[in-house]
Amino acid sequence: MTVSQSDKAVRFRALHEAPGAFVIPNPWDAGSARILAALGFLALATSSGASAGSLGRRDGKVTREEALAHSRAIVDATDLPVSADLEKCFADAPAVAAETIRLAAAVGLVGGSIEDATGDKQKPLFDIAAATERVTAAVAAARSVGFPFTLTARTESFLRGNPDLDDVIRRLQAFEKAGADVLMAPGLPDLAAVCAVCAAVKKPVNFMVGIKGKSFTAAELTAAGVKRISLATSLYRSAMNGLIDAAREVKAAGTFGYVDRGVTSAELAGFMEG
């Protein structure tokens, strides 16, 4: 039975209100989405880096139209709620960023993110006032779509040369005041920083797993106050690692041991039939 977008949105919002934390994995195509759904995950999220990789590009080199088409394919693959990594919403101007949120809802997404990275190496972050204005516009768009679209506001500070925890907290508090539903600061260096962020805001916090040395266990993150745990490009990278290892074995040794180590075609078909 097909689940309505409104029902998915309500289910997604409920995950953020339930006790404890939940993991939201990031598929890179319809097939990986179906596998993750069959494994019992309750919601999915796109990853800009994995999306770009599936197109043979670097992160940040995908157009809005391509990102929305990619999101629609993942939405259509399962009955799970899907939230999208929309980067900076493909615009500097608040009104255009807001339009991205409306378009995201139109392709079946029940959540999406907006970040404060500019894409300009000379000035990698919007100042806090401009960043907050953009979040405010995105919130207004999210509230206009007719169902509870969950908007995530994220500061890229720790990834873009601004490893200032106090500034990160000020930004997240400003985004919270602007109406964001979920808050996120990728690249937090340790659990003490995670605890500080979670204690400084009232809205749910998303922690991004996927950075070596800065990816903690679900139990540790739950204890720190995290509500949602996303996996970013890490599953995609793991899959590509398998591809590279197998191809290197074939190229270097002329052997095919990877065939005996991997899942069978029948096992994969079982995931796709769910």
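See the values below:
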| read-out | value |
| --- | --- |
| Counted residues, the range 208-233 - those being in contact (Cβ under 8 Å) with a residue 40 or more places away in the chain and in a helix (DSSP H, G or I) | 3 |
| Residue within the range 190-205 that is at pLDDT 95 or above and within 25 Å of Gln122 (Cα to Cα) present | no |
| Failed item, numbered, when Ser113 is tested on (1) under 20 Å from Ala43 (Cβ atoms); (2) in a loop (DSSP other than H, G, I, E, B) | (2) |
| Scan of the range 140-196 for residues that are surrounded by fewer than 19 Cβ atoms within 10 Å (Cβ to Cβ) and aromatic (Phe, Trp, Tyr), ordered by number | Phe147 |
| Residue in the range 149-156 that is part of a helix (DSSP H, G or I) and modelled with pLDDT of 95 or more present | no |
| Counted residues, the range 252-274 - those being closer than 17 Å to Ile35 by Cβ and of a type in the set (A, V, I, L, M, F, W, C) | 6 |
| Test: residue in the range 27-43 that is of a type in the set (A, V, I, L, M, F, W, C) and within 17 Å of Thr152 (Cβ to Cβ) | yes |
| Test: residue in the range 187-207 that is under 16 Å from the mean Cα position of the chain (by Cα), of a type in the set (Phe, Trp, Tyr) and not in a helix (DSSP H, G or I) | yes |
| Enumeration of residues in the range 1-23 that are farther than 15 Å from Leu151 by Cα and within 16 Å of the chain's Cα centre (by Cα) | Ala21, Phe22, Val23 |
| Only one of Gly270, Gly262 that is surrounded by fewer than 14 Cβ atoms within 10 Å (Cβ to Cβ), in contact with a helix residue (DSSP H, G or I) (Cβ under 9 Å, 6 or more places away or on another chain) and in contact (Cβ under 8 Å) with a residue 40 or more places away in the chain | Gly270 |
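The values are calculated or read from the model by the stated rules, or taken from the named source; none is laboratory data. Keep in mind the model is a prediction, meaning the values are calculated, not measured. Please note: Cβ atoms are built from the backbone with ideal geometry, for glycine as well, and neighbour counts cover all protein chains shown.
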